[in-house]
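Q: After the structure tokens below, expect a handful of questions from me.
The values are calculated or read from the model by the stated rules, or taken from the named source; none is laboratory data. None of the values given here were measured: they were computed from a predicted structure. No Cβ is skipped: glycine too gets one built from the backbone with ideal geometry, and neighbour counts run over all protein chains shown.
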């Protein structure tokens, strides 16, 4: 929810009216919703030849107007205690797509552009074009953004029947919703690509990877067929929150013109985590999920290589699989007496701010990374990123020693490309060596990173331009 409310704020700042529609999950952070109240009590959503009664509630999340759809059904679509991962996820989100359009239709809301995200809303442009344009919504256009191609929403014909798309042979067609590799399955993400007026992903390089490489997870040919309406726009970060000049979670503010506060935050971080206060040791961090996407084997190796190079390491992250969780708990216990390492297994937003502000370097060794936010936050905090050259990482971090597309004064970090330990070690060694043997050059590299603008300003302008383009089609 946070990502969409931030980008929505940028659009509102540019003079546009933005409203969000979400499922009313029982596990949402309701303390982040202000003024929750009934907006539409009797929404009847056609479903399997009958209808499901829903309520629509309304409230403000971080200043953005949000509508929450609450179905009253024994299917219990959104009262599961979690967002995703149910066996009937396809039906849950097909229903949500249907309900969202039904709400727009009966409430007479006619947005110029409906902006959908990921496979969960891939059926919205299909429903709009095949059903709702005949019910008074012929002028609405759809922008479809894919954040993760790995999860595509594979479904069966029953999803069509529930939503009112009853002509199975029509939709089980390679040029429409049929999965590219399973002729007996529907692919909801593919439907979004085929039917949307424009499709984006969250960085230019990831768009290239999805189209021409393996990161499209089988949808590369579909993207090729629709390449005239597909591109990548880099996500942004919210500088009202992630900014060492105004960050309320760090004890010492600082700017690119005066980094003394960063040194004080490093000392505060060491005190909080009971690390050795040694001015001869750089502090390296990792912040994020512990899973295969994030290159968890390299994260693990980075801990021990940092210690081998007489550096310190702080990790903040939670595992997505029990095997990985057990692995890192073992490491946490094994290293518990080491004064140069701290593994915080879980997520603590307040602590993440202090780590960004106190660390000298941040590693992002992802196997794939559609956009990546941690490296952009690190840059803003003067924490030099060490990243693998994939996806949005290659669009935002430019190697100090080897980047030939940027002059030396525009380079801001370290990049490696292979997935083996030696590649990671090489990049870490270059960063640690500069910190240790040329502190002025390292500080200048950190300042050059802080000078980049990775706010929502540029992506906001790019999205508005695309909205205007498809609005007049």
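Q: Name the helices (runs of 4 or more DSSP H) wholly inside region 203-284 in which the number of residues that are in the same structural domain as residue 191 (by TED's automatic domain parsing), farther than 30 Å from residue 335 by Cα and within 26 Å of the chain's Cα centre (by Cα) is 1 or more.
A: Of the helices (runs of 4 or more DSSP H) lying wholly inside region 203-284, those with at least 1 residues that are in the same structural domain as residue 191 (by TED's automatic domain parsing), farther than 30 Å from residue 335 by Cα and within 26 Å of the chain's Cα centre (by Cα) span 204-212, 220-225.
Q: Of the conditions (1) over 21 Å from residue 388 (Cβ atoms); (2) surrounded by fewer than 22 Cβ atoms within 10 Å (Cβ to Cβ), residue 312 fails just one. Which one is it?
A: (2)
Q: Under the condition of being in contact with a strand residue (DSSP E or B) (Cβ under 9 Å, 6 or more places away or on another chain) and in a loop (DSSP other than H, G, I, E, B), which residue from region 337-360 is modelled with the lowest pLDDT?
A: Out of the qualifying residues, it is 347.
Q: Residues that are in contact (Cβ under 8 Å) with a residue 60 or more places away in the chain and farther than 26 Å from residue 372 by Cα: list the helices (runs of 4 or more DSSP H) wholly contained in region 88-201 that include at least 1 such residues.
A: Hits in region 88-201: 89-106, 124-130, 157-163, 188-195.
Every residue, every condition in (1) closer than 16 Å to residue 442 by Cβ; (2) part of a helix (DSSP H, G or I), yes or no:
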residue	(1), (2)
387	no, no
392	no, yes
402	no, no
409	yes, yes
414	yes, no
419	no, no
425	no, yes
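Q: Listed residues 467, 463; which is surrounded by 13 or more Cβ atoms within 10 Å (Cβ to Cβ), assigned by TED's automatic domain parsing to the domain that holds residue 232 and over 16 Å from residue 234 (Cβ atoms)?
A: 467
Q: Being in contact with a strand residue (DSSP E or B) (Cβ under 7 Å, 6 or more places away or on another chain) and either part of a strand (DSSP E or B) or surrounded by fewer than 16 Cβ atoms within 10 Å (Cβ to Cβ) (or both) is the requirement here; does residue 41 meet it?
A: Judged against the criteria, residue 41 is a match.
Q: Okay, next question. Looking at (1) surrounded by 22 or more Cβ atoms within 10 Å (Cβ to Cβ); (2) assigned to a helix (DSSP H, G or I); (3) without any contact (Cβ under 8 Å) to a residue 60 or more places away in the chain, which one does residue 431 not meet, given that it meets all the others?
A: (3)
Q: Let me ask something additional. Within region 260-275, is there a residue that is loosely packed, with under 15 Cβ neighbours inside 10 Å and closer than 25 Å to residue 456 by Cβ?
A: Among the residues of region 260-275, not one is loosely packed, with under 15 Cβ neighbours inside 10 Å and closer than 25 Å to residue 456 by Cβ, which makes the answer no.
Q: How many residues are crowded, with 24+ Cβ neighbours inside 10 Å and farther than 21 Å from residue 241 by Cβ when one looks only at region 342-367?
A: Residues in region 342-367 being crowded, with 24+ Cβ neighbours inside 10 Å and farther than 21 Å from residue 241 by Cβ: 4 in total.
Q: Could you please let me know if residue 377 is in contact (Cβ under 8 Å) with a residue 24 or more places away in the chain, assigned to a strand (DSSP E or B), assigned by TED's automatic domain parsing to the domain that holds residue 265 and closer than 21 Å to residue 454 by Cβ?
A: no
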